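*Asks:* Dropping a structure here in structure tokens format, bear with me for questions.
The values are calculated or read from the model by the stated rules, or taken from the named source; none is laboratory data. What you see is a predicted model, and the numbers here were worked out from it, not measured in a lab. Glycine gets a Cβ as well: all are built from the backbone with ideal geometry, and neighbour counts include every protein chain shown. When the accessible area is computed, the model is the full protein with side chains, heavy atoms only, and any ligands, DNA or RNA have been set aside. Shrake-Rupley method; radii C 1.70, N 1.55, O 1.52, S 1.80 Å.
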Amino acid sequence: NRTSLAADWNDNPFVRGLLTAPVVAGNIVLVAVPDEHRVTALDATTGKLRWNFLAGGRIDTPPTVDGGLCLFGAHDGRVYCVSLADGELAWQFRAAPSDARIPAYGQLESPWPVPGSVLVDQGVAYFAAGRHPKSDGGVHVFALQVRTGDVVWEKNVNQLELKGWYGPLLPSTNLLIKRKVGLDFEPVDLLVKDGAFVAMSRRIRGEMIAAG
């Protein structure tokens, strides 16, 4: 049914628009085209195409630049690292525990998608693969060396440590409208780093400990 497929495609909470926000590094502009699984690099002065890279799944948020490398996750459950200069693949890493596929928002995706923006700090890349701590064995979190793709540490988050998050309601002047503070199955959030801790979303904050 074309109508159902279109509605499913447009209901994707990971993708907002045909393009992601641009990222500028040096004289190169990077943008991801989510539904085409593509990262495109343009010359910042002329707008001419520098290179294209095709991943195995949607890339839902802008890529990350570290030195001469460009890193991004995709909904095929992998993280890619390519050369900023020419888009040549430096390494790729499968964060998903298996190379499975499920239908999701009009395409086939991994049950463990990786949000596109990879967190990089002091030569280490942090990212998570999964949809929810209680789904398909949980969320798989990794720290990798940016230059080599070697694993520094990994952790599986499969518990909801935060209690009562979904209970409170936002105040409203209309007694007929009751809004929850959060959604029951929000998309996996992007990572943030605070000292020795890496956190993701509000449900599992503090669960992911960075290597010292």
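*Asks:* Once both labels are modelled 7 Å past Cα along the beta-carbon direction, what's the R147-L49 spacing in nm?
*Replies:* Each label point is offset 7 Å from its Cα along the Cβ direction, giving 3.3 nm.
*Asks:* Ordered by residue, what ³J(HN,Hα) values in Hz, to whole numbers, does region 86-91 give under the Karplus form 6.51 cos²θ - 1.76 cosθ + 1.60, where θ = phi - 60° and Gly and Pro are x?
*Replies:* Ordered by residue, 3J(HN,Hα) equals 9, x, 5, 5, 8, 6 Hz.
*Asks:* Additional query: Could you work out how much longer the chain between N10 and D121 gets when fully extended? Use 0.36 nm per residue separation minus the Cα distance between them, nm to one decimal. Could you put the intermediate results ahead of the total?
*Replies:* Details: separation 111, 0.36 × 111 = 39.96 nm, distance 3.38 nm.
Result: 36.6 nm gained on full extension.
*Asks:* With a 1.4 Å probe and all protein chains kept in place, how do K193, K134 rank by accessible area, largest first? Present the calculation step by step, with values, prior to reporting the outcome.
*Replies:* Numbers: K193 75, K134 120 Å².
Result of the area sort, largest leading: K134, K193.
*Asks:* Give the residues of region 48-87 whose amide nitrogen is closer than 12 Å to a point set 7 Å from the Cα of K193 in the direction of its Cβ.
*Replies:* Output list for this probe position: 66.
*Asks:* Enumerate the calculated ³J(HN,Hα) couplings along region 113-118 in order (Karplus 6.51 cos²θ - 1.76 cosθ + 1.60, θ = phi - 60°), each rounded to whole Hz, writing x wherever the residue is Gly or Pro.
*Replies:* x, 10, x, x, 7, 8
*Asks:* Counting Lys +1, Arg +1, Asp -1, Glu -1, what net charge surrounds G123 among other residues with beta carbon under 15 Å of its beta carbon? Could you put the intermediate results ahead of the total?
*Replies:* Values: positive: R147, K193; negative: D66, D121, D150.
In short, -1.
*Asks:* By its C-alpha gyration tensor, with a ≥ b ≥ c as the square roots of the eigenvalues, how is region 1-157 shaped: rounded for a/c under 1.5, else prolate for a/b larger than b/c, else oblate?
*Replies:* Oblate, since a/c reaches 1.5 and b/c is not below a/b.
*Asks:* Over the heavy atoms of T46, what accessible area does a 1.4 Å probe trace out, to the nearest 10 Å²?
*Replies:* 90 Å²
*Asks:* Which value, in Å² and to the nearest 10, is the accessible area of C70 when all protein chains are kept and the probe is 1.4 Å?
*Replies:* It works out to around 0 Å².
*Asks:* I've got another one for you. Quick check: at a probe of 1.4 Å, how many percent of the accessible area of region 9-83 sits on carbon and sulfur atoms? Please report the intermediate quantities before stating the final value.
*Replies:* On the way: 1740 of 3140 Å².
The value for region 9-83 is 55 percent carbon and sulfur by accessible area.
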